[in-house]
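Report on the following structure.
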Amino acid sequence: MLVISTLTAVSLMASPLVKTAKDAGLVAIPESQSVLLRLTDNVRNSITAEKVALGKQLYFDPRLSKSALISCNTCHNLAEGGDDGVSAAIGHNWTANPHHLNSPTVLNAVFFSSQFWDGRDPDLEKQAQGPIQAHPEMAATKEHVVATVTSMPEYVRSFKMAYGKDVKIDFEKVTDTIATFERTLVTPSKFDDFLNGCSGALNKEEKEGLKTFIDKGCATCHNGVALGGEMQAFGITGKYKHADLGDFKGDKNGLVKVPTLRNITKTAPYYHNGGIWSLKEAIVEMGRIQLGIKLSDKEASSIEAFLKTLDGRMPHITYPTLPASTATTPRPDAN
């Protein structure tokens with residue numbers, strides 16, 4: 001009885017903070033797989049096991065790139081946090097992103113309302129088309145991608161299994177399939193457990209950090225399931241101290257996509273141009289340029305303690321075996 005009474009008391013103590021968090025716009029990844037599927041699925045191209053398995057192969061296949069060296073996983077490394085861990089993305093011919101843009105994580109990107117730092121694409125399906133064709137990234141053409149995939153009988157069979165025997169394997173079908181796999185890359189954390197009713201999921205320090213995060217106004221931009229992913233003004237109350245690193249100025253209205261805070265400890269360096277490597281420094285700078293406040297060391301440490309609770313349970317990814325190239329598979333071209 002004592003144990004039950006104690007658990008009940010803890011639950012009652014935690015509920016006001018849960019309500020505060022939800023009122024601030026923070027949303028948990030659902031525990032229910034059926035509810036989660038309603039958030040992650042694409043009604044125009046529903047998630048199936050066959051599409052996910054095929055999409056995973058394509059995600060890891062470097063032969064989709066011109067050089068046959070760069071895959072989606074190169075810049076969005078699923079073993080590293082869903083990004084590449086460098087300030088500016090490195091692509092074809094060892095080319096750094098010409099705007100000095102940092103690779104965003106692909107983990108939980110299904111929850112973003114906007115893709116790319118300038119928010120130019122609305123979903124993962126459209127986003128997947130860009131890097132493959134961008135010369136500083138994978139440097140391929142649509143024709144190269146289709147020729148590569150259709151040159152391998154195993155891929156052709158897999159497409160028929162996933163979409164039916166009359167499937168037309170075109171560039172969009174390939175990128176849609178990659179996006180289907182990406183839609184499954186969701187990482188629930190103990191923060192989600194807390195919002196979903198497990199009051200003991202966070203300790204006292206972490207709960208205080210969540211309260212500080214909300215009280216200081218961080219949830220104004222970092223909210224929703226992704227704790228980011230929307231377009232917002234950048235540098236509202238001050239100029240970002242690394243604003244001159246690269247030439248990125250946001251979209252036509254000067255808005256920049258708010259990065260997700262999920263798995264933030266694994267996605268340094270921070271900001272669109274990877275100008276800051278320390279999480280605490282990134283927190284303090286955000287307070288200065290977005291909220292117009294000078295966070296104390298104690299406040300920054302408190303927020304950091306909360307952010308660490310967003311390290312999620314990673315999906316179990318087994319590196320796929322890829323189909324063998326054939327005589328008609330396009331040869332690598334590093335030029």
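Which of the following values of semi-axes √(5λ) of the Cα gyration tensor in Å was calculated from the structure shown: (1) 35, 22, 20; (2) 36, 29, 16; (3) 38, 25, 15?
(3)
Could you give the DSSP H helices of the chain that reach 20 angstrom or more along their long axis (alpha carbon positions) and whose average Kyte-Doolittle hydropathy is no lower than 0.5?
Sorted by number, the helices that extend far enough and score high enough are 2-23.
Once you have all Cα-Cα distances for the stretch 146-283, histogram them in 5 Å bins from zero and send the whole-percent values.
Percent of Cα pairs in each bin: 2, 7, 12, 15, 14, 10, 11, 11, 9, 6, 3, 0.
Just from its helices, what would the mean residue ellipticity at 222 nm be for the chain, if runs of 4 or more DSSP H residues each count -39500 (n - 2.57) and the sum is divided by every residue, rounded to the nearest 500 deg cm²/dmol? Mind showing how you got there, number by number?
Values: 13 runs with 124 residues, N = 335.
Roughly -10500 deg cm²/dmol at 222 nm, from the helical runs in the chain.
Can you give the translational diffusion coefficient of the stretch 35-182 in µm²/s, computed by Stokes-Einstein from the Kirkwood radius over Cα pairs at 10 °C and 1.306 mPa s? It would help to have the intermediate numbers written out before the result.
Working: Rh = 15.6 Å.
D, rounded to a whole number, is 102 µm²/s.
At q = 0.20, 0.21, 0.29, 0.30 Å⁻¹, what base-10 log of I(q)/I(0) does the Debye formula yield for the stretch 197-249 when every alpha carbon is treated as an equal point scatterer in vacuo?
Debye intensities relative to I(0), on a log10 scale: -0.90, -0.94, -1.16, -1.17.
Ranked highest first by average number of other Cβ atoms within 10 Å, how do 219-229, 320-330 line up? Don't skip to the end; give the middle numbers.
On the way: 219-229: 21.5, 320-330: 12.9.
Result, highest mean first: 219-229, 320-330.
From the P(r) of the stretch 237-305, can you give the percent of Cα pairs sitting at distances over 13 Å? Don't skip to the answer; put the middle values down first.
Working: 1595 of 2346 pairs.
Above the 13 Å cut-off, the stretch 237-305 has 68 percent of its Cα pairs.
Step through the table entries K126/K207; K204/K241; K249/K294, compare each Cα-Cα distance with 28 Å, and write down the pairs that go over it. Don't jump to the answer; show the numbers that get you there.
Values: K126/K207 38 Å; K204/K241 33 Å; K249/K294 24 Å.
Where the Cα-Cα span goes over 28 Å, the pairs concerned are K126/K207; K204/K241.
Compute the distance from the alpha-carbon center of the stretch 40-110 to that of the stretch 191-260, in whole Å.
Value for the Cα centre distance between the two parts: 23 Å.
Quick note: the coordinates plus some simple rules give every number you see, no bench work behind them. Model, not experiment: these values are computed from the prediction. Note that we place each Cβ from the backbone using ideal geometry, even for glycine, and neighbour counts take in every protein chain shown.
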